[in-house]
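Where a number appears in this text, it was derived from the coordinates with a stated rule and is not lab data. Bear in mind that the values here come from a model prediction, so they are computed numbers and not experimental data. When we count neighbours, we look across all protein chains shown, and the Cβ atoms used for this are built from the backbone with ideal geometry, even at glycine.
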């Protein structure tokens with residue numbers, strides 16, 4: 001039973017998204033417990049669904065896992081940073097990704113998860129989690145730029161009232177970038193390990209473009225950590241690096257279409 | 001049995017009158033003692049810059065006169081404080097306090113400072129409050145908290161100084177521990193600086209054209225006093241600059257502060273210009289990570305919050321009404337028991353006296369018959385009392401016991417404690 005928990009999660013994510021967006025439509029904000037509780041329930045259902053996936057290979061299971069990590073990071077952002085506005089992006093994104101995964105179909109694309117190596121599962125999980133962290137860094141940067149723009153333009157509308165303070169968004173961007181980059185790096189290294197163990201094949205284009213995006217991400221982290229960029233410049237760097245990741249993924253996918261493999 | 005509030009507030013008296021009535025904490029017990037001596041069973045004095053109110057439990061007729069006398073003495077010039085005053089009784093008095101603690105009766109709708117002031121008043125007056133007012137003030141604090149949590153009455157910043165705090169809070173994660181530079185030493189600068197300090201902001205420098213005035217405010221805020229010309233360098237360190245000078249032109253100019261701001265290393269700087277005309281050159285807002293807001297901007301923030309708060313007035317009033325009924329039900333229940341006991345005792349005395357008189361006339365009756373007569377009289381009394389007792393208890397539980405009790409006391413002469 002993979003479908004039912006996924007459908008429950010999809011419904012709860014949709015409700016959580018509606019709760020996050022409601023204040024922007026002039027409605028009263030939901031109590032914090034509800035705003036945090038609904039996605040947490042969705043996560044619980046989703047974890048059950050993911051644990052029952054017969055295979056982690058393929059676009060659909062990866063999208064499902066990415067949606068799960070995005071909502072988990074959304075809940076963590078709200079719990080630790082009181083940044084419920086993160087859900088403005090993660091909510092629709094995770095709901096859309098999970099919906100897309102269900103549309104593509106979560107049917108087995110490869111050998112059952114139980115029959116595949118633990119390293120392979122770890123590689124996929126760590127890589128997707130790293131990607132979700134980088135997505136969070138991107139979202140925090142986008143929120144920062146929006147709030148910055150509103151504050152500079154002296155517009156005191158919903159963004160001013162409902163988005164977190166600039167400094168907190170900058171901290172969230174910093175933390176998710178600094179944690180996301182090593183996580184992605186670890187995922188890539190685990191991927192090499194899996195490849196050498198004969199568990200998967202990677203073509204040369206993937207390696208070259210993968211290394212290039214890794215270098216761009218490394219630059220975004222470097223300017224924050226080594227050159228102490230903060231605020232708007234750091235937000236732009238973060239957005240540029242994640243955009244590079246997305247563009248490279250789209251290009252590689254166009255070169256080798258299909259839903260059997262995420263990459 | 002009654003609760004009364006007598007007082008003045010921002011609706012009934014101008015500031016220069018209200019400030020004469022304001023009591024310092026140490027003055028409260030003496031004023032309350034005078035009121036209690038005039039014949040009240042409990043009193044709490046709530047004194048803020050916007051109101052001075054005496055809440056009284058079961059005041060005698062002489063008490064209002066005593067209250068107005070206390071306030072008239074402060075007013076001076078032979079004027080009577082009652083000209084500026086109002087009186088509310090019973091449910092209206094309870095409703096009044098609940099509306100005050102909820103911020104419904106405040107100049108700035110929903111302001112939360114009053115909650116702390118109600119708590120202070122209650123704590124200062126605890127020795128004189130008595131059980132009824134003790135319960136009333138305790139419940140008022142809960143009602144205030146309930147209104148603020150269940151409605152949007154306290155959301156946003158509804159005054160220019162609190163809007164200044166709200167704007168700064170959209171830039172910095174925490175205001176506590178941030179450093180502020182204050183330019184100017186007028187009332188507005190002082191008020192806004194106090195507002196920031198109440199959020200934990202450290203006012204490090206107060207600068208003014210005249211050093212002496214800067215020093216007076218700096219001492220109050222634990223800051224350093226400077227002249228304006230010495231202040232520009234501090235733009236490199238301060239997180240928040242609050243300006244409210246009386247200068248007829250901009251004093252914070254690009255040439256004066258841009259070099260210091262360039263040394264900040266990209267740290268955000270929030271400049272709040274409360275001056276009229278403006279103190280800060282608008283071009284300074286073009287500097288990276290400098291956020292400049294003038295009085296119009298802050299008033300726009302405040303106006304928006306006020307509009308949103310006003311939408312929640314009906315919901316807040318509903319909560320207040322609900323809580324007034326709840327308190328009144330408790331209060332009615334509180335007094336119904338002793339009155340019923342007295343009522344029963346009074347009728348039992350009548351029963352005993354009449355029985356004795358009858359038995360004297362019927363001396364031929366056997367002891368068994370006399371006992372039967374006594375039993376009959378008890379039974380008859382109980383039957384008569386049953387329905388009124390039930391009705392009174394039910395009315396008290398529903399918060400409608402007060403009127404019935406008053407009627408009962410009047411009809412059966414139960415005002416024993418008032419008898420000489």
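Averaged over A:151-159, how many beta carbons belonging to a partner chain fall within 10 Å of each residue's beta carbon?
Mean shielding count: 5.
What the Cβ-Cβ distance of residue A:80 and residue B:127 gives, at R0 = 60 Å and to the nearest 0.05, is a FRET efficiency of 0.85.
For the range B:213-309, what's the relative contact order in percent, using C-alpha pairs closer than 8 Å and at least 6 residues apart?
Numbers: 118 pairs, mean separation 24.2, N = 97.
It comes to 25 percent, rounded to a whole number.
To the nearest 0.05, how large is the calculated FRET efficiency for residue B:364 and residue B:334 if R₀ is 51 Å and r is the Cβ-Cβ distance?
Working: r = 49 Å, r/R0 = 0.96.
Step by step, r from the Cβ atoms, then E = 0.55.
With q set to 0.11 Å⁻¹, the log10 of I(q)/I(0) for the range A:1-116, from the Debye formula over equal scatterers at the Cα positions, is -0.35.
Please determine, in degrees from 0 to 90 and to the nearest 10, the orientation of helix B:63-75 with respect to the longest principal axis defined by the Cα atoms of chain B, where the helix direction is its Cα long axis. So the helix axis and the longest Cα principal axis differ by about 20 degrees.
Determine the percent antiparallel among the DSSP beta bridges restricted to the protein assembly as shown, to the nearest 5. Could the numbers behind the result be given before it?
Values: 17 of 40 bridges.
About 45 percent, rounded to the nearest 5.
Computed across the protein assembly as shown, the Kirkwood radius stands at 31.0 Å (inverse of mean 1/r, all Cα pairs). May I ask you to derive the FRET efficiency for residue B:300 and residue A:32 from their Cβ-Cβ distance with R0 = 30 Å, giving the value to the nearest 0.05? Given R0 = 30 Å and the Cβ-Cβ separation, E is 0.60. When Rg and the Kirkwood Rh are both derived from Cα coordinates, the Rg/Rh ratio for chain B amounts to 1.20.
To the nearest whole number, what is the average tally of beta carbon atoms from other chains within 10 Å of the beta carbons of peptide B:285-294?
Details: counts 2, 1, 0, 4, 6, 1, 5, 3, 3, 1.
Other-chain Cβ atoms within 10 Å of each residue's Cβ, averaged: 3.
The relative contact order of the range B:3-153, computed from alpha carbon pairs under 8 Å that lie at least 6 residues apart in sequence, is 29 percent. Across peptide B:167-173, the mean count of Cβ atoms from other chains lying within 10 Å of each residue's own Cβ comes to 6. With contributions of -39500 (n - 2.57) from each DSSP H run of at least four residues, the per-residue ellipticity at 222 nm computed over chain B stands at -18500 deg cm²/dmol.
Straightening the chain between residue B:90 and residue B:353 buys 90.9 nm, computed as 0.36 nm per residue apart minus the Cα-Cα spacing.
Helix content alone sets the calculated 222 nm mean residue ellipticity of chain A: runs of n ≥ 4 DSSP H residues at -39500 (n - 2.57) each, divided across all residues, give -26500 deg cm²/dmol. Against chain A, whose longest principal axis is taken from its Cα atoms, helix A:118-152 shows a tilt of about 20°. On a 0 to 90° scale, report how tilted helix B:160-169 is relative to the longest principal axis of chain B, with both axes built from alpha carbons and the result rounded to the nearest 10. Value to nearest ten degrees: 70.
Computed over the range A:70-222, the P(r) tail beyond 21 angstrom holds 55 percent of alpha carbon pairs.
Counting alpha carbon pairs within less than 8 Å and at least 6 residues apart, what relative contact order, in whole percent, applies to the range B:336-418?
Working: 32 pairs, mean separation 35.1, N = 83.
The value is 42 percent.
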